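What follows is one structure encoded as C-alpha cells, with my remarks underneath.
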Amino acid sequence: MNKSTQTNPMIIDMIKGDVHVELTLWPLLLVRIVAADDVGLYEINLFRIAEPFVAVSETCHQFAEELLREGKSGVVVEALMELKALTGTGRMFPIPELKAAGWTIPESRRLEAA
C-alpha cells in the first residue's frame with residue numbers, strides 16, 4: 001500500500017430513498033446524515049475508529065431520535081432505524097447485508113490530499 005492510500009480519507013456512502021449516510025474514515029471518524037431536508041454531522045471519538053459501522057449504527061439511532069422529538073416520522077426515520085440495525089451487528093464491513101436490504105453502496109472513494 002503506498003503512502004497516499006494510507007493517509008487519504010476513505011468515504012463510504014450508504015443511500016436508500018431520501019436517506020444518504022456518508023462515513024468518512026481517517027483521520028477522524030465522521031458520519032454525515034442527510035435525511036430528506038434534515039442534515040446531521042457527527043464527529044466520533046477517535047478510539048471508535050476500530051468499529052466504524054457500530055458508530056454509524058449509534059449515530060443513526062441518535063439522529064432518528066432527534067427527528068422523532070421534532071415530530072418527524074415516516075419512511076426516513078424507518079430507513080435510519082433499518083440502517084441502525086444492519087450496521088450495529090458488530091460486523092466489520094456489512095456491505096453485503098446493506099445491499100441485500102436495498103441500500104445503494106457506490107464504490108468507496110478517497111479524498112485527495114490538499
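For the reader, a short list of remarks on this structure follows.
- Residue within the stretch 51-58 that is surrounded by fewer than 14 Cβ atoms within 10 Å (Cβ to Cβ) and at pLDDT below 85 present: no
- Flag if MET81 is within 13 Å of the chain's Cα centre (by Cα), open to solvent by 50 Å² or more (accessible area, probe 1.4 Å) and under 19 Å from LYS99 (Cβ atoms): yes
- Residue check, GLU65 within 12 Å of the chain's Cα centre (by Cα), surrounded by fewer than 19 Cβ atoms within 10 Å (Cβ to Cβ), in a helix (DSSP H, G or I) and on the phi < 0 side of the Ramachandran plot: no
- Cβ pairs under 8 Å, 6+ apart, first in the stretch 56-79 and of a type in the set (Phe, Trp, Tyr), second open to solvent by less than 80 Å² (accessible area, probe 1.4 Å) and part of a helix (DSSP H, G or I): PHE63/LEU80
The values are calculated or read from the model by the stated rules, or taken from the named source; none is laboratory data. Bear in mind that the values here come from a model prediction, so they are computed numbers and not experimental data. Counting neighbours? That spans all protein chains shown, and the Cβs are built from the backbone with ideal geometry, glycine included. Heavy atoms of the whole protein, side chains included, go into the accessibility calculation; ligands, DNA and RNA do not. Shrake-Rupley method; radii C 1.70, N 1.55, O 1.52, S 1.80 Å.
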